[in-house]
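Working notes, beginning with the structure itself.
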Amino acid sequence: MLTFILKRIVNGIAVVIAASVLVFALVSLAGDPLASMLSSPGASPQTVAQYRQTLHLDDPIMVRYLSWVGGILHGDLGKSYSGQSVNSMIFSGLGTTLKMVIPAAVFGLVGAVFLGVVGALKRNTAVDHLISALSYALYAIPVFVLAILLKGYIAVPLNNAFGATVLYTIGDSTPGVPPSLSDQVRHAILPVFALAVYSMGPWSRYQRAAMIEVMSSEYIKVARAKGLGRARVVIVHGLRNALIPIVTIAGADFAVIVGGAVVTETVFGWQGMGRVLVDALTGPVSPDVYVVQGWIMVVAIFVVAVNILVDLMYGVLDPRVRR
Amino acid sequence: MTTSERAPDPLLEVRDLRVTFREGTDQQVEAVDGISFEVHPGEVLAIVGESGSGKSITAHSVLGLLPPLATVAGSIRLRRRTSGRPEELIGLSSGAMRRIRGAEVAMIFQEPSTALNPVYTIGWQIKEALRAHSRVSGRTARDMVVEILRRVGIPEPEKRVGYYPHQFSGGQRQRIVIAMALIQNPDLIIADEPTTALDVTVQAEILDLLRAHRDEAGTAIVLITHNMGVVADLADRMVVMYQGCVVETGPVSEVFEQPQHPYTRNLLAAVPRVGVQSAREPVAAPDRIAVEGRDVVIEYPAGFRRASFRAVNSVSFRIAAGEVLGLVGESGSGKTSLGRAVAGLNPISSGSLVALGQELKGISRGKLRSSRKDVGFVFQDPATSFNPRIRLFDCLAEPFIVNNSTERPQLRQAVNELFDLVHLPRSFAERFPHELSGGQRQRVGIARAIALRPSLIIADEPTSALDVSVQAQILTLFTELQDELNYACLFITHDLAVVDMLAHRTAVMRRGEIVEQGATREVLLHPQHEYTQQLIGSLPVPDPAVQRDRSSRRQAVTS
């Protein structure tokens, strides 16, 4: 098991290094970020050249790469063109985004497991068909459409009915008010719901298939023949085994959720990772190379870490994988 | 304890049992059609039949374990342990049924590799069975589990109790499943093909274990099986089922001695027996050698978290042209690896393997492909060795097309000839594989292998997935074709009786080595190696008197 963990970690590091090369090459070679500055009337060629020097944009590409990677190893993602620390920009955005992603992943998983198990146990009945139809519908709706629908058809009528803001549709907390849990929850309900439902559709299908397969296996028959109650057979013997595949899929889908979060944030006006990326790509001096690179690297490291975690979870869930 | 005397009131009484399955919206399929039988305390009753006869469904209906699509009618009465009076099981509430399952009637299943939950330790699973019906403290439960594991013959039970199912062999897993059934001390054990998935030597041990338990605890056993040797070994009485009906019931000795129903007679006649068939004599002075292996080693290289594995260890053998070599061994003995190597499907690591004049060691892909048309391969499972979306005509025409050996207009003629050779109607050409029975499909499998009239056929357990009566037909066909087309053949099987029927010479494999080889008659009648003797001794013969004698002698030797 220990060698397995070590191998996975070494593997993960290799993936991160490869990602850094790719990210740096793609972003740094995409074009001259100062080109727009050069053509603007206010900037003299000397200012631009000096600016170029302070940003080390005139260094050879290898040197720039190594100094960037060296920074990352020290936990420093560099500075944006406006002189802000990329670290603080990204980590404040990341904090906001995780407030959406983590509850959405948890609710999405719980909901998917529930729908999938019910669908499998009630296989080919009206309940199953209803759940299937719902899953496919959720699968088919783009997350931003769902977010907009939630705003317009749930939040607005609800708030109008109560004559007060029950559910917020903008931001992750009310500015100027001391942070409270209820305030944050009321801000988070709609975006978390949209994002959770977004992954619930496909996940519940996987869960249903896994559960059907497990329930038709011989050890379920053996468990029934032992004289165990139905609930115990379904949960202890069935669900416990049917959770193994869904964990892998949810882990692999983590990047997809982050992608969905970037879109959802934009609809609900959260100042998260999505905002950071959009600003870096559309600001006055764009692309803001170090912000974009740092952003992608942080997300990449996160995804790799989650996948390693999933592999370790797999070892916990399935004794056949352990050594 | 013998139970030939009829106890006045049976433990289990099945009367006019009917099981129908709903198929589609309004179609009903009768799986069990009004059968009756009874089981007395301490008795071993065998329910015998081929696949589709309804024997497994009967067994499952006793414990209410049929899928929801099934409708059960008739009467199943069990004498309850608490009241001592018979109680109707059909229509019992699920709670009441649950109290019977495991506690009074336990079940053992066919496939030990899937009968245990892979994510829990075996100790946990046996303890769960114990606690399903009785309150037992943790300490006592653990002691009881260790004790029962010891009784079913698991070595080092104190340590093994914390192991997971995948850490045991198939035979050990079946022992664990049996332990799970025994620990609740039921009055009746229903064993559904308990030894079908196991090697003969392991089968013999499992049968001994069941017999010992019956003798000690007086537990009645319902033994579902298709294997007449197993019936002869263990059962007191037998019920023969055919197409959902009971065609014959009686004490095992009587039924074997004087089968009344024609189906029973056919079934008994179809069972291959060692040393009864006239084993074919080997070619005395072969003029040509079809296959010659010298010190063949096959090694699977180390992979991710896997050490390298030597499947075949320095094996030498030869097959003369037109000769059938039977390769016998238990699972994991390396016989399939060797067969695949002869077909050029596995590379060999060292030694020399010459097939049809072609050295296979280090052969190039191109050369291998050109020599493939002289080698035919018959696969084990006819259900999965055909592409389900291709009609049989295209399937059988494919070898000709690939090898450009036949002009398109003559293809129909060539395929028709193949159907004639394997005694199937030509009209089958338009069918899909799923429209054929298992036996018919294996005939097509053989037709595909002989399509190009190869001089060498490799058959890997071609009859092990088939019922005995079908198996007998396929083996007859195979012998017939071999006489007619005179190909050399490597016939891989775990069944000594099959070898007896068609192999000129036989080689016995164990743990990657050939321990004995020679003329089939010699090997079977005068086995020299201890392992061959053990194999032959473990094979249950379909004759109750002989088999009882054999198994008691074997037990005396092993204990």
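No lab work stands behind these numbers, since they all come straight from the coordinates. Keep in mind it's a predicted model, so treat the numbers as computed, not measured. We place every Cβ from the backbone using ideal geometry, glycine too, and count neighbours over all the protein chains shown.
Put simply, segment B:76-169 fits an ellipsoid with semi-axes of 29, 16, 12 Å; these come from the alpha carbon gyration tensor as the roots of five times its eigenvalues, largest first.
What you get for chain B, charging only the Cβ of Lys and Arg (+1) and of Asp and Glu (-1), is a dipole of about 1780 debye around the Cα centre. For a Förster distance of 25 Å, can you work out the FRET efficiency between the beta-carbons of A:Gln84 and A:Val16, rounded to the nearest 0.05? So, using R0 = 25 Å, E works out to roughly 0.55. For chain A, modelled as a Gaussian network with Cα springs under 10 Å, which listed residue fluctuates most, A:Leu312, A:Leu121, A:Leu228? Of the options given, A:Leu228 has the highest mean-square fluctuation. Computed from the C-beta positions of B:Lys367 and B:Gln533, the FRET efficiency with R₀ = 51 Å rounds to 0.75.
Rounded to the nearest 20, the size of the Cβ-charge dipole of chain A about its Cα centre is 1580 debye, with Lys and Arg at +1 and Asp and Glu at -1. With a sphere of radius 10 Å drawn around the Cβ of B:Pro86, what net charge do the other residues whose Cβ falls strictly inside it have (Lys, Arg +1; Asp, Glu -1)? With Lys, Arg at +1 and Asp, Glu at -1, the net is 0. Under the convention that each Lys and Arg Cβ holds +1 and each Asp and Glu Cβ holds -1, the size of the dipole of the protein assembly as shown around its Cα centre is about 1800 debye.
The Stokes-Einstein estimate for the protein assembly as shown, based on a Kirkwood radius over Cα pairs and taken at 37 °C with 0.692 mPa s viscosity, is a diffusion coefficient of 100 µm²/s.
Considered as an equivalent ellipsoid built on the Cα gyration tensor, segment B:193-285 has semi-axes of 27, 21, 11 Å, the largest given first. Here's the list of lysines a cross-link from A:Lys99 could span, going by alpha-carbon distance under 23 Å and ignoring same-chain residues fewer than 8 apart: A:Lys151.
One quarter of the convex hull surface built on the alpha carbon atoms of segment B:358-474 amounts to 7.8 nm², the projected area averaged over directions. For chain A, modelled as a GNM whose springs connect Cα atoms under 10 angstrom apart, the maximal fluctuation among A:Gly163, A:Gly119, A:Gly152 occurs at A:Gly163. Centroid-to-centroid, using Cα positions, segment A:231-303 and segment B:16-57 are 55 Å apart. Can you spot the aspartates and glutamates whose alpha carbon is less than 12 Å from A:Lys79's alpha carbon? Ignore those fewer than 8 places along the same chain. Result set, ordered by chain and number: A:Asp288. Along its principal axes, segment B:158-317 has C-alpha extents of 53, 52, 29 angstrom, given from the largest down. Counting only DSSP beta bridges whose two residues both lie in chain B, roughly 55 percent are antiparallel.
Segment A:153-223 and segment B:215-242 have Cα centres lying 57 Å from one another. Based on Cα atoms of chain B, Rg over Rh with Rh as the Kirkwood radius reads 0.99. Separation of segment B:123-157 from segment B:437-465 is 47 Å, based on Cα centroids. So what's the net charge close to B:Gly102: Lys and Arg +1, Asp and Glu -1, counting the other residues with Cβ under 12 Å from its Cβ? That works out to +3. Over all orientations, chain A has a Cα convex hull whose mean projected area works out to 22.6 square nanometres. Springs join every pair of Cα atoms under 10 Å in this Gaussian network model of chain A, and among A:Pro245, A:Pro175, A:Pro103 the largest mean-square fluctuation is at A:Pro175.
By how many degrees, between 0 and 90 and to the nearest 10, does the Cα long axis of helix B:468-485 differ from the longest principal axis of chain B? The two axes meet at around 10 degrees. Ranking B:Leu421, B:Pro527, B:Trp124 by Cα position along the charge dipole of the protein assembly as shown, where only Lys, Arg, Asp and Glu carry charges on their C-beta atoms, puts B:Trp124 farthest toward the positive end.
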